[in-house]
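Peer 1: Submitted below is the structure of interest, expressed as structure tokens.
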Amino acid sequence: MDFQIFTGNPAELTADTLVVTINDNGELSASAEKIDSASGGAIQARISAKDVTGSAGSSLTLYSLANTQANRTVIAGSGKENLNAVDANKIASTIGKAIAGKTGTAAVDVSALATDSRPQAWWAEQIVLAVHAAQYKFIATLPGKEPSPALDTLVWIGEDVKTALTVADAKGLGTSYAKELGNMPPNICTPTYLADEAQKLSDAAGFSCKVYDEKEMEEMGAGAFYSVAKGSSEPGKLIIMEYKGAGKEAPHMIVGKGITFDTGGISLKPGAKMDEMKYDMCGAASVLGTMKTIAELKPAINVVAIITSAENMPAGDASKPGDVVTTLSGQTVEILNTDAEGRLVLCDALTLGIRDYKPATCVDVATLTGACMAALGKVNSGLFTTDEELATELNTAGAYSGDRVWRLPLEDDYQSLLDSNFADIANIGGPLAGATTAACFLSRFTEGTRWAHVDIAGPAWGGDGTSKGATGRPVPLLTTYLLNKVS
Ligand code: BES
Ligand code: MN
Ligand code: ZN
């Protein structure tokens, strides 16, 4: 997408689509006034006829208005003066949908909506992300289906927010890439497929990329990772991408769970909706999506991205409940439930990443527990950390991007739920506080490092039936969080 800034009279601007706003008192923004007066009151006439109300998220499209140069004029409702987050996102999404999926040029004026907390740069970012979202279509396994047409040029009527537009375009690319990987069927999107994608992205962007296969992991002593990977004929992979934009500074590390299919293993899941367990690699997808954004923007930070990937299958050589394995850290784990596999592949990835890269901060993202989804639904991801500064940074990034997190407890009182009489630690903590005990498990492998865990079990995908799909979350959260670190 190309971007231009325009400050003249919108009635004189040639565009395929022009967007102006009215609020829910029926008051016209400055641009809407100009179009109304040029066209002899075309907008006022629609307001009088009650064809358009100005409520948040509403819109009306008018075609070829007299004395204007746009093929379509979209009148978008801007709602009340003090917008809440839900209405603000509704407005951005409506505008994104109105201008997306058509080639050519769209011009947007939302300057009447800018406030201190949502400046024009925020609107620019959200609208560009909404365009990407509206244009995303999964066609990889639908022969003969065409991709949506893509908007060529977005003309921003108002302040010079070119930087925000470019940043948002890169975030949108990363988010769509994460959706594509998440939606890809599990017979195609295997650990090997993720490793190939990481290699391709790294080659194109100049990242270094290292892939350990499951045998190397076993020989290294990563017994927890191997205990999950060994039950599948698809070899597990630990993938590390390294981006250097800030010389010798300690890197920021992101780690994603990449279970390309989670049957539960010998602790087999029930059959209903089991197809959804192809989304158990959405943490990995969002790490790849984030690195795609980083590749586009090349910010002045160092980032190490780790994907810990395997298929969790029942098999003759699969792990059994009661098995005890030795992790890369040396701690032993009693596997009481083979369906708690995410923490097993993550713990060795965290140990290896922290050992080899000494990161300044470490954030893992994982579709880790049904308990987290039960607590927070599909709105917020669960945030677990004992580092107040990291909590603030992730909360701020979540609120700004709309890819929100909600902090849940990670207090020492919960740790004893993981006690085992046969190993240093059990891999499940019983029926209570399931999201927290999963985080407690991971905390045993991150001591001394500034670390946060984000459980994305709810937000990673949504919809049902033919509307089911990956959301690309938490790419907006991770990219915003990382880019905020650029000094
Ligand atoms: N991938 C699942 C978590 C999950 C479940 C994500 C449903 C999204 C929707 C994870 O591997 C898992 O199976 N967790 C178990 C843990 C339990 C055995 C302690 C769970 O949440 O039931
Ligand atoms: Mn599982
Ligand atoms: Zn899982």
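Peer 1: I'd like to know if the stretch 309-316 contains one or more residues that are under 20 Å from the mean Cα position of the chain (by Cα), buried (at least 19 other Cβ atoms within 10 Å of the Cβ), in contact (Cβ under 8 Å) with a residue 60 or more places away in the chain and within 14 Å of ligand 1 (Cβ to nearest atom). Don't jump to the end; show me each part of the working.
Peer 2: So in the stretch 309-316, the residues under 20 Å from the mean Cα position of the chain (by Cα) come out as 309.
Applying the additional criterion that residues be buried (at least 19 other Cβ atoms within 10 Å of the Cβ) yields 309.
Adding the requirement that they be in contact (Cβ under 8 Å) with a residue 60 or more places away in the chain leaves 309.
Those left that are additionally within 14 Å of ligand 1 (Cβ to nearest atom): 309.
Yes, the stretch 309-316 has at least one match.
Peer 1: Right, another one. Which of the residues that make up the stretch 4-43 are free of Cβ contacts under 8 Å to residues at least 40 places away in the same chain and closer than 27 Å to ASN84 by Cα? Step through it out loud before you land on a result.
Peer 2: Within the stretch 4-43, the subset free of Cβ contacts under 8 Å to residues at least 40 places away in the same chain is 8-9, 25-28, 33-43.
ASN25, GLY26, GLU27, LEU28, GLU33, ILE43, listed by residue number.
Peer 1: Here is a further query. What are the residues in the stretch 18-32 that are part of a loop (DSSP other than H, G, I, E, B) and small (Gly, Ala, Ser), if any?
Peer 2: The initial filter retains those residues of the stretch 18-32 that are part of a loop (DSSP other than H, G, I, E, B), namely 23-27, 29.
Answer for the stretch 18-32, where residues must be part of a loop (DSSP other than H, G, I, E, B) and small (Gly, Ala, Ser): GLY26, SER29.
Peer 1: Let me ask you something else. In this structure, does ALA423 turn out to be among the small types (Gly, Ala, Ser), touching a residue at least 40 places away in the same chain (Cβ under 8 Å) and not in a helix (DSSP H, G or I)? Walk me through it before giving the result.
Peer 2: Numbers: among the small types (Gly, Ala, Ser): yes; touching a residue at least 40 places away in the same chain (Cβ under 8 Å): yes; not in a helix (DSSP H, G or I): yes.
So ALA423 passes the test.
Peer 1: Please work out which residue is surrounded by the fewest Cβ atoms within 10 Å (Cβ to Cβ), limiting yourself to the stretch 131-168 and to residues that are among the hydroxyl-bearing types (Ser, Thr, Tyr) and over 26 Å from ALA399 (Cα atoms).
Peer 2: Step one: filter the stretch 131-168 for residues among the hydroxyl-bearing types (Ser, Thr, Tyr), giving 136, 141, 148, 153, 163, 166.
Those still in the list that are over 26 Å from ALA399 (Cα atoms) too: 141, 148, 153.
Numbers: THR141: 11, SER148: 13, THR153: 15.
Step by step, filter the stretch 131-168, then rank; the result is THR141.
Peer 1: Determine whether the stretch 237-255 contains at least one residue that is open to solvent by less than 20 Å² (accessible area, probe 1.4 Å), within 16 Å of ligand 2 (Cβ to nearest atom), at negative phi and not polar (S, T, N, Q).
Peer 2: no
Peer 1: Tell me, which strands (runs of 3 or more DSSP E) lie completely within the stretch 53-130 with 3 or more residues that are crowded, with 22+ Cβ neighbours inside 10 Å?
Peer 2: Numbers: elements: 59-63, 70-77, 105-108.
Counting at least 3 such residues, we get 70-77, 105-108.
Peer 1: If you don't mind, another one. Taking the residues in the stretch 438-458 that are within 15 Å of ligand 3 (Cβ to nearest atom) and of a type outside the set (A, V, I, L, M, F, W, C) as candidates, determine which candidate is surrounded by the most Cβ atoms within 10 Å (Cβ to Cβ).
Peer 2: ASP455
Peer 1: Also, quick follow-up: Considering only residues of the stretch 408-422 that are under 29 Å from the mean Cα position of the chain (by Cα) and loosely packed, with under 15 Cβ neighbours inside 10 Å, which is farthest from THR436 (Cα to Cα)?
Peer 2: Out of the qualifying residues, it is GLU411.
Peer 1: Working only within the stretch 317-350, note down all residues that are within 12 Å of ligand 2 (Cβ to nearest atom), charged (D, E, K, R) and open to solvent by less than 10 Å² (accessible area, probe 1.4 Å).
Peer 2: Of everything in the stretch 317-350, just one residue is within 12 Å of ligand 2 (Cβ to nearest atom), charged (D, E, K, R) and open to solvent by less than 10 Å² (accessible area, probe 1.4 Å), namely GLU341.
Peer 1: Another question about this same structure. Given ARG355, ARG343, ARG404, which one is out of contact with any Pro (no Cβ under 9 Å at 6 or more places or on another chain) and more than 16 Å from ligand 3 (Cβ to nearest atom)?
Peer 2: Going through ARG355, ARG343, ARG404 in turn, the sole match is ARG355.
The values are calculated or read from the model by the stated rules, or taken from the named source; none is laboratory data. Everything numeric in this text was worked out from a predicted model, so none of it was measured. Don't worry about glycine lacking a Cβ; one is built from the backbone with ideal geometry, like all the others, and counts go over all protein chains shown. Keep in mind that these areas ignore ligands, DNA and RNA; they rest on the heavy atoms of the full protein, side chains included. Shrake-Rupley method; radii C 1.70, N 1.55, O 1.52, S 1.80 Å.
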